[in-house]
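To start, the structure under review is shown below, and the notes come after it.
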Amino acid sequence: MAFKFTRAYFIVSFLFIAMISAAHFNGTTINLNYLGYATFLLLLTAGIAIHPVLTTYGKISLSAPYIVCVVWIIWVFSSILWSQASMISHICAWVVSGFPFAFLLWPWIKPYLSENVFYKLLLAVTLFYGLWAILEFLQTSKPTLGPMLYQGNFGALFAAMLLPTSAYFILESNNKRSLKFAILFLLLAALFSTYSRGAILSYLITLPVLFFIAYKQKLSITKPLLILIVLTISSGFCVYGYALITKDQQPLSNKISTIQGASSISQRLMIYQSSWEVYKQYPLLGTGINSFKVVYPSTRNPAEHSAGVYVHNDYLQFLQEGGPVLLILLILPLWLQASLLLKACRLNVLKQPLITAGFTLASSTFFIHAVADFIFYNFCLSLFAGFYLAIAYQQVPVSKEKTITLENPKFMFGISSFAILILWSIQSVDNYIAYKMSGQPMNSKQLLFYLS
């Protein structure tokens, strides 16, 4: 039978390469080359997926979570206008918009990819890095950093994937669990190899919730629970046992400056306090996306020795950089997660309640981890978090779907005008900042010229 390229093949291929590219940094906080590759492929995927939807049906689904995502993206890019570090905000606005973009992207590609196929795609990407983590650990016996160059972000990738995989593991019959057994062990070993306390804790916190929902659904959970407990303990012993045996034989220098050891708690508290002091100076709009590294030195505690790039608490950093609006936008998905988990606990509400819970909890691990680390400033993790929550949300039956149509001329005129206004505003402010940095005086006529 001849192989036929369909829209689905292109979408799967582009998404796989995009997710791989999004995870690579190669020694910099954000590698523009890899970010550019991932962005191009994701936008190309969106175009391929949404084009027939628009031309055939002429409408896009509209509900509260999608509105929140659109507002999130608009607000993040708008913060460039008042940013204290305009150039950095330009680069990072897209990164911080990864979560809402992925949430919006999944409904567009859903007509071409089933949930199971998409899960396998995300699993393939995670397993690729899981093997990377294990091989790196065998060579170094030290916390694995992978291409992300930070063990906290690397561990978050594995902690999240363990939840939907565990859900499928519980639902499968005994004779079909062998493959999932091997996958779970690999993911757990990769997780423990990162030594990421936040990632491990987020997994341990969410796993009991998954089993509680399985219990509420009257599923048989005794055997899967015992197997997962044994797998978790054995993988941890294997990883840390190997490290103890070989710790003096394979030294590895730190690749980047990170907060290490028990003292990290006091170090983080110092950063939090400094970030709060910055926020009090800009309480309404914040300082602009990812401007923390620029404004932080003015309030930095001399006893704090981190790299000074992130607050290590996304909620506080969102507040400091995007004001109360951006913090609220980050908190709103927590309400959606709670709603989905409550529905999963009830009988006869969802078609696949445990699968919905697994994907919801996978997204929750990122939000839990973000309390003490920078998660949503990582493009790959933001995309994964958005996809997981979108998959869970799409499983909820909708009684009456609201839509916006492209046939409404008033709507199209309003959207086009707003987009032009945003582009004009960003360009004019950029021109103004560039002229101001040149050190030349500016009169009212020149100001009008640069704003036009």
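Scalar couplings 3J(HN,Hα) for the stretch 303-314, obtained by applying the Karplus form with A = 6.51, B = -1.76, C = 1.60 to θ = phi - 60°, are 7, 8, 10, 6, 5, x, 9, 10, 6, 6, 7, 4 Hz; x denotes Gly and Pro. Rolling a 1.4 Å probe over the heavy atoms of the protein chains gives the stretch 75-123 an accessible area of 31 Å² per residue. In this structure, the pairs whose alpha-carbon distance is over 24 Å, taken from 110/176; 218/343; 176/218; 176/223; 218/351, are 110/176. Residues whose amide H falls under 5 Å from that of residue 84, counting only those 5 or more places apart or on a different chain, are 288, with hydrogens built in the peptide plane.
Simple rule: put +1 on each Lys or Arg Cβ and -1 on each Asp or Glu Cβ in the stretch 269-370, find the dipole, and look at 303, 324, 334; the Cα lying farthest toward the positive end is 334. Considering only the other residues whose Cβ falls under 13 Å of the Cβ of residue 376, what net charge follows from Lys and Arg at +1 and Asp and Glu at -1? Cβ neighbours under 13 Å give a net charge of -3.
Does the stretch 184-237 come out rounded, prolate or oblate by the C-alpha gyration tensor, with a ≥ b ≥ c the root eigenvalues, rounded set by a/c under 1.5 and, if not, prolate when a/b is larger than b/c and oblate if not? Oblate, since a/c reaches 1.5 and b/c is not below a/b. Karplus-derived 3J(HN,Hα) values for the stretch 31-36, using 6.51 cos²θ - 1.76 cosθ + 1.60 with θ = phi - 60°, are 8, 5, 5, 5, 4, x Hz; glycine and proline are entered as x. For the stretch 113-127, 3J(HN,Hα) computed residue by residue from phi via the Karplus equation (6.51, -1.76, 1.60; θ = phi - 60°) reads 10, 6, 4, 5, 5, 5, 4, 5, 5, 5, 5, 4, 4, 5, 5 Hz, glycine and proline entered as x.
The values are calculated or read from the model by the stated rules, or taken from the named source; none is laboratory data. Everything quoted here is computed from the prediction, not taken from an experiment. Here the Cβ is made from the backbone with ideal geometry for all residues, glycine too, and neighbour counts use every protein chain on show. Heads up: the accessible areas ignore ligands, DNA and RNA and are worked out on the full protein's heavy atoms, side chains in. Shrake-Rupley method; radii C 1.70, N 1.55, O 1.52, S 1.80 Å.
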